[in-house]
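Worksheet for the structure shown next.
What follows draws every value from the coordinates through simple rules; no lab data is involved. All figures in this text were calculated on a predicted structure; none of them were measured in a lab. Heads up, the Cβs are rebuilt from the backbone with ideal geometry, glycines too, and the neighbour counts pull from every protein chain shown.
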Amino acid sequence: MVGSYIKTSARNLMRNKLFSFISIVGLAISMSVGLLLIAFMFDLLSYDRFHQNGEHIYRITSVVTASSKQSRATTDRSRPDRSRPDRSRPGNKFATTSIKAGKLIRQKITGAEVAIVRNDFSQDATVGGTIIPIKGFWAEPSLFRVFTFPMLEGNPETALNDPFSIVLTETAAKKLFGNKSALGKAIKFDTLAYQVTGVMKDVPFFSHIHFEALVSLSTAEQLNRNNRNWTSMGANYVYLRLPDNANMGSIQAQLDAIARSENLAEESTNIQLELLPLYKTVVGEEFHRSEGGPGSVGPHMSPRMLWILAGLALIVILSACFNYTNLSMARAMRRFKEVGLRKAIGAGKSQIWQQFLTEAIMISLMALVLSFFLFLLLRPQLINLAPEMQRTVKLDLSPAMVIAFIAFSVTVGVIAGFMPALFFSKVSAIHALNNVSAWNASRGPATSPVHRFGRRTLVVLQYTLTLIFITTTAIGYVQYKNILAFDLGFNTENILNINMQGNKPDAFLKELSEMPEVTALSRSLIVTSVGNAWGGYMHYNNSSDSALVLTNNVDENYLALHEYKLIAGSNFKTRPATAEAVSEVIVNEQVLKRFNISNNPEKAIGKEITFSNFNVHNRRMTIVGVMKDFHYGKIDNLIEPVAFMPWTPENRAVINAKIQSTNMLATMSRIESKWKKVDAVHPFQAQFFDEAIEEAYSEFSTMIKVIGFLSFLAISIASMGLFGMVVFTTETRLKEISIRKVMGASAGNLVFLLSRGFLVLLSISALIALPITYLFFENVVLTHFPYHTPVQVAELFVGLLAVLLIAFIMIGSQTLKAARSNPAKVLKSQ
């Protein structure tokens with residue numbers, strides 16, 4: 001029976017080559033997107049699976065709630081900025097927690113193996129005369145008991161026991177010592193010697209934590225690098241491995257008890273501890289950043305983004321399935337006799353159903369072969385779409401992935417063949433065999449009102465989705481370009497931001513000042529407007545009325561170089577040598593409004609404010625200047641209170657260089673050569689301000705590229721389906737066209753006659769798609785961008801015009817071909 005189904009399906013596919021081609025190519029194009037998504041999901045779900053007992057490993061996360069006065073002072077944001085000391089926002093979730101929390105968990109939760117790590121070890125290793133930067137974690141010996149990181153040399157139980165001991169990965173050991181054994185050797189970091197107590201295998205690609213070295217946590221304690229306060233989460237991560245029979249409810253209750261006890265001593269901060277399964281660290285909820293630390297180590301993908309990508313891929317796949325359904329049902333009259341004969345010799349509904357499902361699955365499997373080659377072609381394009389993608393996925397094939405591809409193909413075949421199988425299984429044998437040649441366009445059940453309505457509905461739905469795709473791409477692209485060109489309130493053109501990477505900036509500033517292409521120089525703590533942020537709490541007269549104020553430490557040249565607009569007061573009058581000596585502050589208009597200092601900026605000059613963050617406490621500062629409001633954060637954030645404070649030599653430095661050059665490549669090469677004079681170890685890290693802004697919105701740019709690519713696929717698939725329908729309709733109406741031509745109809749009349757129905761369906765699609773897209777952007781997407789530009793009419797109709805042009809070309813070409821045929825030959829053969 002199955003062999004009969006396959007033979008019959010193969011004959012039908014060969015007999016209807018155009019139909020088969022359109023169905024196979026359409027499904028192949030759409031399925032290639034599905035294959036990419038499956039491979040993407042396989043990689044994301046592969047993270048940390050190499051750890052033994054990984055299902056029993058958890059990370060402790062923190063939920064921070066602030067006092068009501070701080071909560072009121074905090075401006076709500078859709079996304080956290082980098083480096084912000086953001087502990088005050090109510091209900092914020094952090095991947096980090098305090099070292100104190102880790103030690104308390106070890107003491108009070110029996111049976112749990114606890115590992116505390118810090119991810120901020122980054123120093124220059126000196127071996128002989130070689131200096132090589134090394135990045136890694138401060139870690140406890142228990143790390144090797146919680147995680148499965150095989151050791152090549154040394155004892156994992158004792159390797160991180162003693163202060164100033166270090167474990168290297170295999171690659172790091174070769175980088176420092178070549179092919180010689182590293183065990184027992186000494187490495188200098190600054191002036192201190194560290195002993196190599198172990199060499200481990202390189203961390204696998206699919207690990208959410210990556211490092212070159214592990215340094216004993218006791219070293220950080222001796223160097224006073226560990227803050228043991230309950231609220232000092234910083235860059236600390238606490239992992240624990242629980243026993244197989246652990247009661248999760250009991251564990252969480254013990255964590256709650258620890259938190260309640262410690263929170264009693266805190267006046268304004270409440271921290272709750274939660275368990276996060278290891279396998280949900282990569283695909284799971286997003287965490288805020290704490291005190292300059294990262295939101296979470298390693299790659300991360302929110303489930304919401306995966307659902308969006310899956311939904312977009314499903315739309316493209318359904319579009320190809322609609323093609324198959326439409327063409328199958330449009331060709332129904334040619335299959336009636338076949339169905340009637342099968343039923344006359346005893347075939348039941350189930351056999352007819354199986355026959356047409358087999359045919360659809362065969363087409364889908366053929367499409368799978370083609371889609372696999374498309375997958376190989378598109379795979380490197382997806383990986384290179386963004387730098388983050390290269391660090392997250394490989395998309396390499398595995399046996400399990402191949403099985404998933406085949407299962408996916410069969411599923412697509414079932415979806416595509418469901419409606420045709422259902423339709424043909426209900427055909428009556430008597431009706432199918434009774435004068436089947438007379439079943440014309442006006443009498444056959446294939447063109448009954450219900451059948452026609454179903455096919456037209458699928459066409460409308462398909463083109464509605466296609467128009468939404470195209471219009472979304474057009475609007476998104478225009479909005480993205482408007483974001484990049486948005487007036488931030490200061491100048492960013494030709495400003496090169498150079499990260500000093502811990503070096504003192506004076507020597508490099510002198511080198512740059514000697515270059516004629518460098519017209520101005522300044523120093524700052526961070527680069528604003530690209531997602532970086534720093535800040536603390538400020539109050540004016542009432543100490544109970546404090547608010548979060550974003551800050552940057554800048555020198556006296558910064559405002560002029562970036563062309564900030566001072567509306568009152570002056571630039572900094574002093575150049576403090578230490579952070580304790582800072583006494584001046586320049587604020588924006590929002591600070592005056594927030595604290596009701598004065599409606600007149602001139603009257604705010606000389607007023608004193610009090611500022612606190614995790615570095616300073618209740619420092620009194622005098623307002624010496626008021627600057628016009630500008631965008632400190634990304635433009636999806638409202639303008640907030642901002643204060644500039646004097647840069648001091650104790651601050652880390654970013655040099656801001658204004659460049660005027662007719663040969664920018666040569667100028668950059670000269671600047672890099674000057675950097676090597678100052679620092680021969682670290683690679684030159686510099687980026688033009690405009691490039692940094694573009695990179696800050698790379699997620700938006702990547703999404704537009706993905707949607708644009710899917711739009712291209714959707715319109716290609718829809719166009720192939722429309723072409724097939726036009727060819728079929730033209731063939732079935734060839735006699736009518738010939739008669740009309742004999743009666744004097746022009747080619748234009750015939751084109752209008754045949755295209756009218758399709759154009760009506762496209763118009764209905766436009767009436768549905770364009771308002772939906774407009775409302776979606778205005779009420780959902782652009783609400784996150786308070787300074788966006790309104791959606792323009794041209795952006796809405798560009799996709800419609802593209803679809804109409806393609807449809808007109810396909811319909812016109814087939815109609816003109818029919819109109820040029822000899823009526824005598826057509827009427828004689830009909």
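Tabulated values for the structure
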| quantity | calculated |
| --- | --- |
| Dipole of the range 586-726, positive end: most advanced residue of T667, M703, I693 [Cβ charges, Cα centre] | T667 |
| Whichever aspartates and glutamates have a C-alpha closer than 16 Å to that of K817, once near sequence neighbours (fewer than 8 apart) are set aside | E731, E736 |
| Aspartates and glutamates with Cα under 16 Å of K504, excluding same-chain neighbours fewer than 8 positions away | D124, D190, D555, E650, D679 |
| Computed lengthening from D256 to A680, 0.36 nm per intervening residue step minus Cα-Cα distance | 147.6 nm |
| Long-range amide H partners of E266 with built H, under 5 Å | none |
| With Cα atoms, 0 to 90° folded angle of helix 793-819 axis to the chain main axis | 30 degrees |
| Ascending count of other beta-carbon atoms within 10 Å, so fewest first, for R241, R391, R106 | R391, R106, R241 |
| C-alpha long axis of helix 747-776 to longest principal axis of the chain, angle in ° | 30 degrees |
| Estimated dipole of the range 518-659 in Debye, rounded to 20 [Cβ of Lys and Arg +1, of Asp and Glu -1, Cα centre] | 100 debye |
| Pairs of lysine residues in the range 518-659 - Cα separation under 16 Å, sequence separation of 8 or more or cross-chain | 6 |
| Positive-pole candidate from M621, G198, A220, dipole of the chain, charges at beta carbon | G198 |
| Those residues of the range 565-593 whose amide nitrogen sits under 20 Å from the label point placed on R620, 7 Å along Cα→Cβ | 573-587 |
| Separation in nanometres of the label points that stand 7 Å from Cα toward Cβ, at R575 and I605 | 2.3 nm |
| Sequence-distant aspartates and glutamates (8 or more away, or on other chains) whose Cα lies within less than 20 Å of K394 | D43, D48, D202, E699 |
| Cubic angstrom per residue, convex hull over Cα atoms of the range 518-659 | 108 Å³ |
| Projected area averaged over orientations for the chain, convex hull of C-alpha atoms, nm² | 45.1 nm² |
| Rough spin-label spacing in nm, given labels placed 7 Å along Cα→Cβ, for K565 and M401 | 5.4 nm |
| Neighbourhood charge, 14 Å Cβ-Cβ cut-off, centred on A507 and excluding it, Lys, Arg +1 and Asp, Glu -1 | +2 |
| Cα→Cβ-extended label distance, 7 Å offset, between Y787 and A246, nm | 4.6 nm |
| Added length on full extension, which subtracts the Cα-Cα distance from 0.36 nm per residue, R228 to K426 | 63.8 nm |
| Cβ charges +1 (Lys, Arg) and -1 (Asp, Glu), total dipole of the chain, debye | 4320 debye |
| Computed [θ] at 222 nm, deg cm²/dmol, the chain (DSSP H ≥ 4; -39,500 (n - 2.57); rounded to nearest 500) | -15500 deg cm²/dmol |
| Highest-first arrangement of 411-418, 497-504, 673-680, where packing means the average Cβ count within 10 Å | 411-418, 497-504, 673-680 |
